Amino acid sequence: MKSHFVYHLCQKETWGRAVSDGEYAGSALDQRDGFIHFSAGGQVKQTARLHLAGVKGLVLLKVNANKLGESLLWEASRNGELFPHLYGRLTPDLVDSATELQIDGNGNHIFPVIE
């Protein structure tokens, strides 16, 4: 069963600009791929470990998947697992929370409780 919430990791400065501008277009990778990469709750920590290990200044965006409507598609990605991809812009009003992640002594991100 798919999670009620989906998660996206981005730089704190990038998210701050998005809040000011009223729109988030995603990272350079997202823009290249044509969609914003999200993860389900059970996927986001592994995504951080695989792609963003040790990266400082990240925020975790938590979004109710129902708010994204038909623009959110679940597609096969890493190891054939379904990941949520947003084919559209993300506006700050759709984001339930933006939590800055700290890094522990081993370079791992410290996550809040994931639903």
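So what is the accessible area of the chain per residue, in Å², with the probe set to 1.4 Å?
Here the per-residue accessible area is 56 Å².
What does the convex hull of the Cα atoms come to per residue for segment 1-92, in Å³? Walk me through the numbers on the way to the answer.
Values: hull volume 8.5 nm³, N = 92.
So the per-residue hull volume is 92 Å³.
Helix-derived [θ] at 222 nm for the chain: sum -39500 (n - 2.57) over DSSP H runs of at least 4, divide by residue count, nearest 500? Don't skip to the end; give the middle numbers.
Details: 3 runs with 24 residues, N = 115.
Mean residue ellipticity, 222 nm, calculated: -5500 deg cm²/dmol.
Charges only on Cβ, +1 for Lys and Arg, -1 for Asp and Glu: so what's the dipole of segment 1-66 about the Cα centre, in debye to the nearest 20?
320
Taking 0.36 nm per residue of sequence separation and subtracting the Cα-Cα distance, how much length would be gained by fully extending the chain between Arg32 and Leu82, in nm to one decimal?
16.0 nm
Tally up the carbon and sulfur contribution to the accessible surface of segment 25-65 as a whole percent, 1.4 Å probe, everything protein left in place.
Working: 1010 of 1900 Å².
Looking at segment 25-65 in its full context, I get 53 percent from C and S.
Using Cα-Cα distances under 8 Å and only pairs 6 or more residues apart, what relative contact order does the chain have, in percent?
35
Using a cut-off of 15 Å between beta-carbons, work out the net charge of the residues near Val55 (Lys and Arg +1, Asp and Glu -1, Val55 not included).
It works out to a net charge of +1.
Can you give the FRET efficiency to the nearest 0.05 for Leu73 and Asp104, using r as the Cβ-Cβ distance and R₀ = 25 Å? Present the calculation step by step, with values, prior to reporting the outcome.
Working: r = 34 Å, r/R0 = 1.34.
Plugging the Cβ-Cβ distance into 1/(1 + (r/R0)^6) gives 0.15.
With all protein chains present, calculate the accessible area of Lys45 using a 1.4 Å probe and round the result to the nearest 10 Å².
Spelled out: Lys45, probe radius 1.4 Å, area about 90 Å².
Give me the percent relative contact order of segment 49-115, please, defined on Cα pairs under 8 angstrom at least 6 residues apart.
So the answer I get is 41 percent.
If I histogram all Cα-Cα distances within segment 1-53 using bins 5 Å wide from 0, what percent of pairs lands in each bin?
Percent of Cα pairs in each bin: 5, 18, 23, 26, 19, 8, 1.
Just order 13-19, 69-75 by mean Cβ neighbour count inside 10 Å, highest at the front, would you?
Peptide ranking by packing, descending: 13-19, 69-75.
The values are calculated or read from the model by the stated rules, or taken from the named source; none is laboratory data. In this text, all values refer to a predicted model and were calculated from it rather than measured experimentally. Every residue, glycine among them, receives a Cβ derived from its backbone with ideal geometry; neighbour counts consider all protein chains shown. For accessibility, only protein heavy atoms count, side chains too; no ligands or nucleic acids. Shrake-Rupley method; radii C 1.70, N 1.55, O 1.52, S 1.80 Å.
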